[in-house]
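One structure below.
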Amino acid sequence: MTAPRIERLVTSGQFTLDGGTWDVDNNVWIVGDDHEVIVIDAAHDADAIAEAVGDRTLRAIICTHAHNDHIDAAPALAERTGATIWLHPDDLPLWKQTHPDRDPDAHLLDGQVIEAAGADLRVLHTPGHAPGAVCLYDPGLGTVFTGDTLFKGGPGATGRSFSHFPTIIDSIRDRLLTLPSETEVLTGHGDSTTIGAEAPHLEEWIARGH
Ligand SMILES: [Fe+2]
């Protein structure tokens, strides 16, 4: 078996919450080898994601949280591949806003390790941006997938419903900034960063309040 690798696909669509809609580009992360893969956040375009997966087996679709822009293509992708959709149960109310008739297949729980496609993804429950937001840390790959919890430049947004700034700060401080400083941070939107590049700015984020 070849070593797992990480591929990035960017898809475009819209984010809708609290009556507002915004155009967004999302990172879809594909982790695996020549034979099987995991998709982290099936955003916007099931056809494009299926094309990127190719003839490899899709083992799982893991949702970092249930904002519509991160999950809108998950049921369609699961339908055509048979992959299991994983979501933290605290985000079921958000999930149902987008997919009222189709529940996720399995619940993500803090501390769980999802072993597939040569990766070992440890689930870190990191509420704040959303109640059921998770990050996925693979020590072997030296990588954490942070969804919308931590970006290059600071925490994810907490100004809308289901979000809470003090909670995201606790999650980032206690669960993410404690990872090795060289850990690559692969985000739900935009550029990657590292734990070491972000950690010195925690007090600035707290002072500015977002
Ligand atoms: Fe989000």
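Read-outs: derived from the displayed coordinates by stated rules, not from any lab. All values reported here derive from a predicted model rather than from experimental measurement.
Odds and ends about this structure:
- Computed over segment 56-210: relative contact order in percent, which uses C-alpha pairs under 8 Å that are six or more apart: 17 percent
- The chain, helix-only ellipticity at 222 nm - DSSP H runs n ≥ 4, -39,500 (n - 2.57), divided by all residues, nearest 500: -5000 deg cm²/dmol
- Length-normalised contact order of segment 27-115 in % [C-alpha pairs under 8 Å, at least 6 apart]: 23 percent
- Available extension along the chain between THR16 and SER181 is 56.0 nm, counting 0.36 nm per residue and deducting the alpha carbon span.
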